[in-house]
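Structure provided below as structure tokens; questions to follow.
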Amino acid sequence: MSVVEQVRAAFHLLAINIELDDARYQAAWRYLEVSYMNPLRSYHTMHHIADGLRTAHEADLHNVSGISMPLLSASWFFHDVIYDARSKQNEFESAMVAQAMLSGTSVAPRLEEMILATRHDGIRPATYEAQLLCDIDLASLSTPDQHAFELASHQIREEYSFVPNLAYATVRLNIMGQFLLRAEAGRLYYTPIFNTSMRNGLAIANLLTEIARLNNVIRSAS
């Protein structure tokens, strides 16, 4: 089964769970498919959505009591549905699309709160589901696969290809530095499921590698 087929199967299961009729399911899926397969995207693609679904499965979130898996899943499917590297409104616009596509369902009232949390502005989300969503979104920072981490960094750089090397590296260095401080303080991840010494250690190692690379870029461009 291809990545797209995996994601579609998971979205179809969500549609059944939230009682989204077939016509609206088909329309929502077409929107998701076109968005995440946009050739201008390199990282925020179907692979990113599939990776998050896999992370949730490996963390056995379906067996965590007290959370709404349909809400978490719906938010994940739509959190990057609008993505323009030049815009600062992606999360807000993604939330608006999600609410429109899933209006009238049980998950609709909380989609904006959930998706806006993925701005990763350092403010702890108010609800456990939103905290989990953020943790899933940042799970790639603690991958044990160095190649996968480097590939993700390269893909994100491709999405900002219009930004000169020095400017990109300077801004990216600041972001990675903030994540490093959070990881060193044990605050990169919000939930006990993700906030483990192993994940924080892997994140610190990956972030230090990326910071060293960015510093080299800055030295070379200066």
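Out of region 88-130, which residues are at negative phi and small (G, A, S)? Can you show your working first?
Taking region 88-130 first, the residues at negative phi are 88-103, 105-119, 121, 123-130.
Across region 88-130, the qualifying residues are S94, A95, A98, A100, S103, S106, A108, A117, A126, A130.
In the list Q131, Q146, which residue meets the criterion of being touching a residue at least 40 places away in the same chain (Cβ under 8 Å) and in contact with a Pro (Cβ under 6 Å, 6 or more places away or on another chain)? Give the steps one after another, and end with the answer.
Values: Q146 fails: in contact with a Pro (Cβ under 6 Å, 6 or more places away or on another chain).
Answer to the check: Q131.
Could you identify the single residue in A139, A126, A108, A117 that is farther than 15 Å from H44 by Cβ and under 16 Å from the mean Cα position of the chain (by Cα)?
Working: A139 fails: farther than 15 Å from H44 by Cβ; A126 fails: under 16 Å from the mean Cα position of the chain (by Cα); A108 fails: under 16 Å from the mean Cα position of the chain (by Cα).
From the options A139, A126, A108, A117, the qualifying one is A117.
What pairs can you find where one residue is in region 190-201 and over 18 Å from L133 (Cβ atoms) and assigned by TED's automatic domain parsing to the domain that holds A117, the other is of a type outside the set (V, I, T) and assigned to a helix (DSSP H, G or I), and their Cβ atoms are less than 9 Å apart, with a gap of 6+ or different chains?
none
Mind checking which residues of region 23-50 are assigned to a loop (DSSP other than H, G, I, E, B) and among the basic types (K, R)?
Applying the first criterion (assigned to a loop (DSSP other than H, G, I, E, B)) to region 23-50 yields 37-45.
Matches in region 23-50: R41 only.
Sticking with this one: Quick test for you: out of L181, L208, L173, pick the one residue that is in contact with a Leu (Cβ under 6 Å, 6 or more places away or on another chain) and of a type outside the set (V, I, T). It would help to see each step written out before you state the result.
Details: L181 fails: in contact with a Leu (Cβ under 6 Å, 6 or more places away or on another chain); L208 fails: in contact with a Leu (Cβ under 6 Å, 6 or more places away or on another chain).
Sole residue among the options that is in contact with a Leu (Cβ under 6 Å, 6 or more places away or on another chain) and of a type outside the set (V, I, T): L173.
Moving on to the next point. Before we move on, is A185 more than 26 Å from I123 (Cβ to Cβ) and among the hydrophobic types (A, V, I, L, M, F, W, C)? Let's see the steps before the verdict.
Numbers: more than 26 Å from I123 (Cβ to Cβ): no; among the hydrophobic types (A, V, I, L, M, F, W, C): yes.
It is false that A185 is more than 26 Å from I123 (Cβ to Cβ) and among the hydrophobic types (A, V, I, L, M, F, W, C).
Select from region 1-22 the residues that are assigned to a helix (DSSP H, G or I) and of a type in the set (D, E, K, R) and write down the one among them that is farthest from the chain's Cα centre (by Cα). Walk me through it before giving the result.
Looking only at region 1-22, we keep the residues that are assigned to a helix (DSSP H, G or I), and these are 3-17, 22.
Filter once more, keeping what is of a type in the set (D, E, K, R): 5, 8, 22.
Numbers: E5: 19, R8: 17, D22: 27 Å.
Across region 1-22, the extreme among qualifying residues is D22.
I've got another one for you. Could you grab me the full set of residues in region 192-209 that are buried (at least 19 other Cβ atoms within 10 Å of the Cβ) and outside any helix (DSSP H, G or I)?
The first filter runs over region 192-209 and keeps only residues buried (at least 19 other Cβ atoms within 10 Å of the Cβ), leaving 194, 199-200, 202-203, 206-207.
The one that is buried (at least 19 other Cβ atoms within 10 Å of the Cβ) and outside any helix (DSSP H, G or I): F194.
Give the number of residues within region 100-118 that are assigned to a helix (DSSP H, G or I) and exposed (fewer than 14 other Cβ atoms within 10 Å of the Cβ). Write out each step before concluding.
Narrowing region 100-118 to residues assigned to a helix (DSSP H, G or I): 100-101, 108-118.
Of the ones still in play, those that are also exposed (fewer than 14 other Cβ atoms within 10 Å of the Cβ) are 100, 109.
Total satisfying the criteria: 2.
Can you report the number of residues in region 1-44 which are free of Cβ contacts under 8 Å to residues at least 24 places away in the same chain and of a type in the set (D, E)?
Summing the residues that are free of Cβ contacts under 8 Å to residues at least 24 places away in the same chain and of a type in the set (D, E) in region 1-44 gives 3.
Now for a different question. Does A212 satisfy the criteria of being assigned to a helix (DSSP H, G or I), at negative phi, at pLDDT 95 or above and in contact with a Lys or Arg (Cβ under 9 Å, 6 or more places away or on another chain)? First the steps, then the outcome.
Numbers: assigned to a helix (DSSP H, G or I): yes; at negative phi: yes; at pLDDT 95 or above: yes; in contact with a Lys or Arg (Cβ under 9 Å, 6 or more places away or on another chain): no.
No; evaluated as a whole, the condition is false for this residue.
Does region 119-126 contain any residue that is in a helix (DSSP H, G or I), out of contact with any Cys (no Cβ under 8 Å at 6 or more places or on another chain) and aliphatic (A, V, I, L, M)?
First, the residues of region 119-126 that are in a helix (DSSP H, G or I): 119.
The next check asks that each one be out of contact with any Cys (no Cβ under 8 Å at 6 or more places or on another chain); those that pass are 119.
Cutting the leftovers down to aliphatic (A, V, I, L, M) gives us none.
No; the residues of region 119-126 include none that is in a helix (DSSP H, G or I), out of contact with any Cys (no Cβ under 8 Å at 6 or more places or on another chain) and aliphatic (A, V, I, L, M).
Just wondering, is there one or more residues in region 143-162 that are small (G, A, S), outside the structural domain of E33 (by TED's automatic domain parsing) and in contact with an Asp or Glu (Cβ under 7 Å, 6 or more places away or on another chain)?
Narrowing region 143-162 to residues small (G, A, S): 148, 152-153, 161.
Checking which are outside the structural domain of E33 (by TED's automatic domain parsing) leaves us with 148, 152-153, 161.
Restricting the remaining residues to those that are in contact with an Asp or Glu (Cβ under 7 Å, 6 or more places away or on another chain) gives 153.
Yes: region 143-162 contains one or more residues that are small (G, A, S), outside the structural domain of E33 (by TED's automatic domain parsing) and in contact with an Asp or Glu (Cβ under 7 Å, 6 or more places away or on another chain).
Could you please give the count of residues in region 51-80 that are outside any loop (DSSP other than H, G, I, E, B) and closer than 14 Å to L133 by Cα?
Initially, region 51-80 is screened for residues outside any loop (DSSP other than H, G, I, E, B), giving 51-58, 61-63, 69-78.
Narrowing further to those that are closer than 14 Å to L133 by Cα: 51-57, 61-62, 69-78.
Residues meeting the conditions: 19.
The values are calculated or read from the model by the stated rules, or taken from the named source; none is laboratory data. Not measured: the values here are computed from a predicted model. Heads up, the Cβs are rebuilt from the backbone with ideal geometry, glycines too, and the neighbour counts pull from every protein chain shown.
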